[in-house]
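Novice: Structure incoming, see below.
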Amino acid sequence: MTSALKEVFIKELLANRISLAGFHSLLAAVNEQDLSLIIQRIYDLNDTQVRKIAALGPLMAKIDAVKNSQRNGKFLSKIKDGFRKNASNKVILVEGDSWFNYPILLSDVIDWIGMEKNMAVYSLASGGDWLLNMLSARRYVEQLSTMHPDVFIISGGGNDLVGSNRIAAMVDPKGESDEFINSPWAQGVMRKSKTEFDPHKFNRGLKFLSKDFFALLMFFQLQYYTLFNGILTSGTGNPANGKFPNIKIITQGYDYVIPSRKLGFGFKPWRWYMPFARMFLGHGSWLKTPLDLRGISDSNIQEDIMYSMIYLFNEMMIETGQFFKEIVGYDCVFHIDSRGAIGRDGWTDELHPLPENFRKVGKVFIDCINGVPSANGLVYEVPPSIEKI
């Protein structure tokens, strides 16, 4: 692809008017420099400014490092004495955000996976980390090369969307957006899954999604495609060149988060930690405040916006996995679908489930790692909550 044609496709992506054929051509041709320029133009910031807002705070980085040090010490202890000689034992490399490294002393998804006797988990996950950081730092590359894991698990994108009030730039406060209808890519990504779907909430939320949201979602797909292509084909698109044959990649896409500032005080002694976790982590600052800043204060509309965003994010992740089944020729990229699993009262804060719900999600990861068949092929659904959002 010529640089001039690539620039045309990038401009169409940023305007949310790229054709499916154009986007698929861009998937195959994009490089790291292109990705850096695209995110700068979506955020209207230069590279230094993007890196600055995406950087982990020093306190958060220290807390993440302590938890990972403990996890990785257990990993090293576990792999001794012939762990890998047993085919049912799995070495797992994890990269991700706070769903995989919750920065409070509560058990998250990876904690539950690590408790399995046949699973040795090495963690690079950092609470608050951006997918942008994960891919640019490339810490996973060294670990992939040295340990040749059976499974690579990744969670990323949530902080790129909600960090530093970015979500405020992803919405149309008038609620008059027609960007979904006018986006061939968005139309193409819809209904890749069989998960339960509320068209009324989805359509109400769509009216508030700006072109920048769809550009960011396409950018996520470019990032994930580049990452998986590197792991599975060494970036060539030919599985014969892959260095990690039969590796299983597992992704996840969050649940329908609920904007809120409530600190959770009340007569629930078994959840004594919740108000303190919410105060420490800035509960309300990720979703509620940025939407309020744009004049979107109706709580029902705020929930509908998040419903639409999370729904489309998951559909994009599922489609990305389907691409690689076609490229590699076997099931290799799986998705854990948590939509509808947490419920209204199942959250520790705006973004993170209660420990028992992290455990619920972790159980589905464990099934996927162990090769328990899914009724939905590449997609493993977390059982839905009794509550309805």
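The values are calculated or read from the model by the stated rules, or taken from the named source; none is laboratory data. Note that the coordinates shown come from a computational prediction; the quantities given were computed from them, not determined experimentally. Please note: Cβ atoms are built from the backbone with ideal geometry, for glycine as well, and neighbour counts cover all protein chains shown. Only protein heavy atoms, including side chains, enter the accessible area calculation; ligands, DNA and RNA are left aside. Shrake-Rupley method; radii C 1.70, N 1.55, O 1.52, S 1.80 Å.
Novice: Scanning for something closer than 18 Å to L217 by Cα, open to solvent by less than 10 Å² (accessible area, probe 1.4 Å) and not in a helix (DSSP H, G or I), does the range 298-315 turn up at least one residue?
Specialist: Scanning the range 298-315, I find no residue that is closer than 18 Å to L217 by Cα, open to solvent by less than 10 Å² (accessible area, probe 1.4 Å) and not in a helix (DSSP H, G or I), so the answer is no.
Novice: Going through the range 194-211 one residue at a time, which ones are within 24 Å of L13 (Cα to Cα) and not in a loop (DSSP other than H, G, I, E, B)?
Specialist: Answer for the range 194-211, where residues must be within 24 Å of L13 (Cα to Cα) and not in a loop (DSSP other than H, G, I, E, B): F202, N203, R204, G205, L206, L209, K211.
Novice: Just checking, does the range 74-82 include any residue being open to solvent by 20 Å² or more (accessible area, probe 1.4 Å) and on the phi > 0 side of the Ramachandran plot?
Specialist: yes
Novice: Here's another thing I want to ask about it. It is to be established whether one or more residues within the range 240-254 are outside any loop (DSSP other than H, G, I, E, B), more than 19 Å from the chain's Cα centre (by Cα) and farther than 30 Å from H148 by Cβ.
Specialist: no
Novice: Among the numbered conditions (1) closer than 23 Å to F365 by Cβ; (2) open to solvent by 10 Å² or more (accessible area, probe 1.4 Å); (3) aliphatic (A, V, I, L, M); (4) without any contact (Cβ under 8 Å) to a residue 40 or more places away in the chain, tell me where M134 comes up short.
Specialist: (2)
Novice: Would you mention how many residues in the range 352-373 are free of Cβ contacts under 8 Å to residues at least 24 places away in the same chain and small (G, A, S)?
Specialist: The total comes to 1.
Novice: Which one is farthest from V189 (Cα to Cα) among residues in the range 1-42 that are open to solvent by less than 40 Å² (accessible area, probe 1.4 Å) and over 24 Å from the mean Cα position of the chain (by Cα)?
Specialist: K6
Novice: If a residue has to be at positive phi and either in contact with a Leu (Cβ under 6 Å, 6 or more places away or on another chain) or at pLDDT 95 or above (or both) to count, how many in the range 283-311 make the cut?
Specialist: 1
Novice: Right, something else. Looking only at the range 42-87, count every residue that is at pLDDT below 90, among the charged types (D, E, K, R) and in a helix (DSSP H, G or I) and tell me the total.
Specialist: 5
Novice: Pairs, please: C-beta under 9 Å, at least 6 apart or cross-chain, first residue in contact (Cβ under 8 Å) with a residue 24 or more places away in the chain and in the range 235-248, second in a loop (DSSP other than H, G, I, E, B) and among the polar types (S, T, N, Q)?
Specialist: These pairs meet every condition: G242/S234; G242/T236; K243/S234.
Novice: Could you run through the range 337-351 and say how many residues are among the small types (G, A, S) and either within 18 Å of H283 (Cβ to Cβ) or without any contact (Cβ under 8 Å) to a residue 40 or more places away in the chain (or both)?
Specialist: Count: 2.
Novice: Out of A120, A125, which single residue is closer than 14 Å to V66 by Cα and open to solvent by less than 20 Å² (accessible area, probe 1.4 Å)?
Specialist: Result: A125 is the single residue among A120, A125 that is closer than 14 Å to V66 by Cα and open to solvent by less than 20 Å² (accessible area, probe 1.4 Å).
Novice: Anything in the range 4-41 that is part of a loop (DSSP other than H, G, I, E, B) and of a type outside the set (S, T, Y)? List them, or say none.
Specialist: A15, N16, R17, I18, V30, N31
Novice: D292 fails exactly one of the following numbered conditions: (1) closer than 21 Å to I249 by Cα; (2) in a helix (DSSP H, G or I); (3) of a type in the set (D, E, K, R). What is the number of that condition?
Specialist: (1)
Novice: Can you tell me which residue is most open to solvent (accessible area, probe 1.4 Å) among those in the range 97-117 that are part of a loop (DSSP other than H, G, I, E, B) and under 29 Å from D81 (Cα atoms)?
Specialist: The extreme case among them is K117.
Novice: Here's another thing I want to ask about it. Which condition breaks for V328 when tested against (1) open to solvent by less than 50 Å² (accessible area, probe 1.4 Å); (2) under 29 Å from V171 (Cα atoms); (3) among the hydrophobic types (A, V, I, L, M, F, W, C); (4) at pLDDT below 95?
Specialist: (2)
Per-residue answers, yes or no, for (1) closer than 20 Å to Y330 by Cα; (2) over 17 Å from the mean Cα position of the chain (by Cα); (3) not in a helix (DSSP H, G or I):
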{"residue": "R191", "(1), (2), (3)": "no, yes, yes"}
{"residue": "F213", "(1), (2), (3)": "no, no, no"}
{"residue": "Y224", "(1), (2), (3)": "yes, no, no"}
{"residue": "G235", "(1), (2), (3)": "yes, yes, yes"}
{"residue": "Y256", "(1), (2), (3)": "no, no, yes"}
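Novice: Moving to a separate point now. Could you please find all residues in the range 160-204 being more than 19 Å from F23 (Cα to Cα), open to solvent by 60 Å² or more (accessible area, probe 1.4 Å) and of a type in the set (D, E, K, R)?
Specialist: Hits for the range 160-204 are K174, E176, D178, K194, E196, R204.
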